[in-house]
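In what follows, a single structure is set out as structure tokens and then discussed.
The values are calculated or read from the model by the stated rules, or taken from the named source; none is laboratory data. Keep in mind the model is a prediction, meaning the values are calculated, not measured. For neighbour counting, all protein chains shown are included, and Cβ atoms are generated from backbone atoms with ideal geometry for every residue, glycine included.
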Amino acid sequence: MERKDYLVEELSKEEKIYLKRIVKTARNKYFEKNYNHINNTKIIANDLIFVEEESVLEKVLNNCIEEMESAVEFEKTFLNQNLYHVVKALSLKEKEVLFYLYKKKKSISEISRIMKLDRKTVRSFRDAAQKKITEKLLNGGR
């Protein structure tokens with residue numbers, strides 16, 4: 001059996017889906033492993049070097065960088081230190097739901113499609129986040 005030259009031949013639909021899943025899984029694992037580092041690091045757009053987009057991998061990496069910048073910017077928008085610490089205490093999924101709800105102005109249905117979750121699950125993340133925020137603010141941010 002001859003080995004396929006992926007640089008010359010076009011990928012089949014199954015191969016494209018498989019490649020997308022691998023990239024998404026790798027991205028998710030990267031964010032899980034480096035979550036604290038990402039949250040405690042400033043990302044300055046001028047410091048990033050962008051090369052002309054030539055491959056799918058570069059496009060995916062650029063999208064990841066944009067998502068990280070957007071998430072960090074969302075957290076940094078809170079001027080009140082107590083509120084900032086409350087948001088830092090939320091889980092990643094809760095932050096994501098709040099981000100889509102209030103920053104991107106998406107509906108629960110749209111968020112469920114984007115995050116590939118059930119609407120009930122999205123609502124539970126939203127409610128849990130709102131409950132945590134309320135409790136933290138009533139306790140003075142502790």
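Only one of these conditions is not met by L79: (1) at pLDDT below 90; (2) exposed (fewer than 13 other Cβ atoms within 10 Å of the Cβ); (3) part of a helix (DSSP H, G or I). Which number is it?
(3)
Say whether the condition of being under 15 Å from the mean Cα position of the chain (by Cα) and at pLDDT 75 or above is met by at least one residue in the stretch 29-37.
For the stretch 29-37, residues under 15 Å from the mean Cα position of the chain (by Cα) and at pLDDT 75 or above: present.
Could you tell me which numbered condition V122 fails, if it satisfies all but one of (1) hydrophobic (A, V, I, L, M, F, W, C); (2) in a helix (DSSP H, G or I); (3) at pLDDT below 85; (4) closer than 30 Å to Y18 by Cβ?
(3)
Determine if the stretch 41-57 includes at least one residue that is modelled with pLDDT of 70 or more and under 20 Å from the mean Cα position of the chain (by Cα).
no
I'd like the full set of residues that are outside any helix (DSSP H, G or I) and not hydroxyl-bearing (S, T, Y), limited to the stretch 82-119.
Across the stretch 82-119, the qualifying residues are L90, K104, K105, K106, K116, L117, D118.
Within the group K95, K105, K20, which residue is assigned by TED's automatic domain parsing to the domain that holds V122, loosely packed, with under 14 Cβ neighbours inside 10 Å and at pLDDT 75 or above?
From the options K95, K105, K20, the qualifying one is K105.
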